[in-house]
Protein chains: 2
Amino acid sequence: MLALTILGNNSAVPAFDRHPTSQVITHNGNNYLIDCGEGTQMQLLRYKVRRSKITHIFISHLHGDHYFGLIGLLNSLSLLGHTQPITVFAPPPLQEIINIQLNVSDTTLNFDLRFQPLTDAATLLDTSSLVIKSFPTDHRIPCFGFSFEEKKIPRKLIPEKAKAAGIPTAFYERLVRGEDYETKTGEIISVESVTEPMPPGPKYAYCADTRYNEAIIEHIQGFDMIYHESTYLHALAERAYDRYHSTSIQAATLAQKAGVKKLLLGHFSSKYAVLDEFLSEARSVFPTTDLALEGACYMV
Amino acid sequence: MLALTILGNNSAVPAFDRHPTSQVITHNGNNYLIDCGEGTQMQLLRYKVRRSKITHIFISHLHGDHYFGLIGLLNSLSLLGHTQPITVFAPPPLQEIINIQLNVSDTTLNFDLRFQPLTDAATLLDTSSLVIKSFPTDHRIPCFGFSFEEKKIPRKLIPEKAKAAGIPTAFYERLVRGEDYETKTGEIISVESVTEPMPPGPKYAYCADTRYNEAIIEHIQGFDMIYHESTYLHALAERAYDRYHSTSIQAATLAQKAGVKKLLLGHFSSKYAVLDEFLSEARSVFPTTDLALEGACYMV
């Protein structure tokens, strides 16, 4: 299971107690932070997301509303005595921005900070239980979305059948990974006869800042949930295009074409005090849409 | 009159809904921002301090809790269409830190941003109604306090006396500035005989981050109000010294020795959930002490 907590759902200028972009995926006790706008460390405190469990940070692009809070978070973690390494995936110039700020204050972080450059679609992390990938979006400066896929063992054992077939329990782990069993006499017991397929693990994608662009679809096809920015209502589609952003209808259209199960909207312009219309517009195209609300936690 | 609004009163790590350091002096409709920790732009919104009226920003030193919010504030002002120039007084490396972040996002600010290096005690601004000066404090890296002195015309006219003495009204402005009047016959009418002295304008000093250091006294002697940091209670005086900070008792002692009228304490360590003891300790030495509370406005 992936748990997504929204920390900031506004676009660049904070307003109406909405904050610049940040969200966190919690999986197996680790927190994976996605973008880190100004005030993210306060939002983590406010919503009781454990800062000490942040192992990886993903910065989509170098517009300030997506990373101005990073230096403060790193600084605070260090002052709080954090010692576990943290890996930051980000466009390359971020490393210099962080380092210059550590240098002028004569600060050495208490933990190992590892930068990994984002330059293209790539697999960023591949553990026994989770795969995280990046994909480019269509923005004014280089910008990346991120997908999170929980890995599950491919098959589920049917113990009574495996036992009846005389398969030793020591082989059960290989069965659930998909291997047939060969008896001492050379007989093949097919894995299908003693196991059943498991549903794939949940998949979530963060589509970052972007114009409407169907090139994103291949990276999110059939996902359980996606977040897609919706800076403007559809009446401002032209402005959205000019500023490399999307509208409610565009986000919903992409979700629909990608065949995902659920859509979250965010990155709302500070023009909008009330957000209801984002929901009604998007749901007219894609009914299973919700607003990404700060403090809310969504299970994927 | 100087109006002081506290935006952040905590030390480095935000906690208990207390924010990193920032405060603002309002004078004649202009806002002078002192330090700009992360989240300052949100605090300005929260307490309805007009961002568009910020003309000068004073950054005491380059520990992040005193400037990490600056880039976000500048960025938002630009997005909001701010056009008036803003002058930033700060230790020199800040200019590069700001510029590199504007460059990577391909941002040109909508207004003229002027950097003025802080390097020593100096007069930073001297207008017809206000003098702002810097003075060094005693911190781990170069750090400056700031004093604000409202200028008042030196004397107050006694109209009936000036009229009885036959002084033309055109000369009244020179009288209040302290000049004697010479009649056509060469008789001298002393300024003292037709005016009375005005009390000096209010004086406020922000003593920034500092160890207890009596070298500060000459810059704040007899001031109406000072802010002095008080990171720790006095039981942690040794830790305060090691970390170039002060205790409640030390702040109060400095206020008392400098003969100021009122002391505000701030920059509280995140160790302390409750702040009452800061007040009782400091008042035992200097009774007219208050806590610098976020959102509170103090008239000087």
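The values are calculated or read from the model by the stated rules, or taken from the named source; none is laboratory data. If you're wondering where the values come from, they're calculated on a predicted model, not measured in any experiment. Neighbour counts run over all protein chains shown; Cβ positions are idealised from the backbone, glycine included.
Could you list, in sequence order, all residues of region B:249-300 that are among the aromatic types (Phe, Trp, Tyr) and either closer than 18 Å to residue B:6 by Cα or more than 22 Å from the chain's Cα centre (by Cα) (or both)?
Residues satisfying the conditions are B:268, B:272, B:278, B:298.
Does residue A:60 satisfy the criteria of being surrounded by 23 or more Cβ atoms within 10 Å (Cβ to Cβ) and assigned to a helix (DSSP H, G or I)?
Values: surrounded by 23 or more Cβ atoms within 10 Å (Cβ to Cβ): yes; assigned to a helix (DSSP H, G or I): no.
Criteria not met by residue A:60.
Scan region B:1-15 and tell me whether some residue there is surrounded by fewer than 24 Cβ atoms within 10 Å (Cβ to Cβ), modelled with pLDDT under 95, aliphatic (A, V, I, L, M) and over 30 Å from residue B:139 (Cα atoms).
Scanning region B:1-15, I find at least one residue that is surrounded by fewer than 24 Cβ atoms within 10 Å (Cβ to Cβ), modelled with pLDDT under 95, aliphatic (A, V, I, L, M) and over 30 Å from residue B:139 (Cα atoms), so the answer is yes.
Okay, residues lined up against (1) more than 26 Å from residue A:126 (Cβ to Cβ); (2) modelled with pLDDT under 95; (3) not hydroxyl-bearing (Ser, Thr, Tyr):
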site	(1), (2), (3)
A:152	no, yes, yes
A:169	yes, yes, no
A:176	no, yes, yes
A:179	no, yes, yes
A:187	yes, yes, yes
A:191	no, yes, yes
A:198	no, yes, yes
A:202	no, no, yes
A:209	no, no, yes
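Scan (1) of a type outside the set (Lys, Arg); (2) farther than 30 Å from residue A:300 by Cβ; (3) outside any loop (DSSP other than H, G, I, E, B); (4) out of contact with any Phe, Trp or Tyr (no Cβ under 8 Å at 6 or more places or on another chain) for the single condition residue A:171 breaks and write down its number.
Result: residue A:171 fails condition (4) only.
So residue B:210 ticks every box in (1) surrounded by fewer than 16 Cβ atoms within 10 Å (Cβ to Cβ); (2) of a type in the set (Val, Ile, Thr); (3) in a loop (DSSP other than H, G, I, E, B) but one. Which box is left unticked?
So residue B:210 meets the others, but not (1).
Residue-wise test of (1) out of contact with any Ser or Thr (no Cβ under 9 Å at 6 or more places or on another chain); (2) over 14 Å from residue A:11 (Cβ atoms); (3) among the aromatic types (Phe, Trp, Tyr).
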position	(1), (2), (3)
A:210	no, no, no
A:213	no, yes, no
A:232	no, no, yes
A:235	no, yes, no
A:239	no, no, no
A:243	no, no, no
A:246	no, no, no
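Across region B:72-112, what is the number of residues that are more than 10 Å from chain A (Cβ to nearest Cβ), under 30 Å from residue B:138 (Cβ atoms) and in contact (Cβ under 8 Å) with a residue 24 or more places away in the chain?
6
Which numbered condition in (1) acidic (Asp, Glu); (2) free of Cβ contacts under 8 Å to residues at least 40 places away in the same chain; (3) within 13 Å of chain A (Cβ to nearest Cβ) is the only one that residue B:126 fails?
Unmet condition: (3).
Assess whether residue B:69 counts as being within 14 Å of another protein chain (Cβ to nearest Cβ) and surrounded by 15 or more Cβ atoms within 10 Å (Cβ to Cβ). Talk me through it step by step, then tell me what you get.
Working: within 14 Å of another protein chain (Cβ to nearest Cβ): yes; surrounded by 15 or more Cβ atoms within 10 Å (Cβ to Cβ): yes.
Yes, satisfied.
What number of residues within region A:129-159 are closer than 30 Å to residue A:190 by Cβ and either within 14 Å of another protein chain (Cβ to nearest Cβ) or not small (Gly, Ala, Ser) (or both)?
Looking only at that region, the number is 13.
State yes or no: is residue B:81 surrounded by 17 or more Cβ atoms within 10 Å (Cβ to Cβ) and not hydrophobic (A, V, I, L, M, F, W, C)?
No.
Right, residue A:235: surrounded by fewer than 24 Cβ atoms within 10 Å (Cβ to Cβ) and modelled with pLDDT of 95 or more or not?
Considered against the rule, which asks whether it is surrounded by fewer than 24 Cβ atoms within 10 Å (Cβ to Cβ) and modelled with pLDDT of 95 or more, residue A:235 comes out as yes.
Which of the following residues is touching a strand residue (DSSP E or B) at 6+ places or on another chain (Cβ under 8 Å), without any contact (Cβ under 8 Å) to a residue 12 or more places away in the chain and of a type in the set (Phe, Trp, Tyr): B:148, B:135, B:171?
Values: B:148 fails: without any contact (Cβ under 8 Å) to a residue 12 or more places away in the chain; B:135 fails: without any contact (Cβ under 8 Å) to a residue 12 or more places away in the chain.
Within the list B:148, B:135, B:171, the selection yields B:171.
Whether any residue in region B:177-194 is touching a helix residue (DSSP H, G or I) at 6+ places or on another chain (Cβ under 9 Å), hydroxyl-bearing (Ser, Thr, Tyr) and touching a residue at least 24 places away in the same chain (Cβ under 8 Å) is what I want to check.
Among the residues of region B:177-194, at least one is touching a helix residue (DSSP H, G or I) at 6+ places or on another chain (Cβ under 9 Å), hydroxyl-bearing (Ser, Thr, Tyr) and touching a residue at least 24 places away in the same chain (Cβ under 8 Å), which makes the answer yes.
When the residues of region B:1-47 are narrowed to those that are polar (S, T, N, Q) and in a loop (DSSP other than H, G, I, E, B), which ends up farthest from the other protein chains (Cβ to nearest Cβ)?
Of everything passing the filter in region B:1-47, B:28 is farthest from the other protein chains (Cβ to nearest Cβ).
Do we have residue B:169 as of a type in the set (Ser, Thr, Tyr) and surrounded by fewer than 17 Cβ atoms within 10 Å (Cβ to Cβ) here?
yes
Among the residues of region A:63-75, count how many are small (Gly, Ala, Ser) and assigned to a helix (DSSP H, G or I).
2
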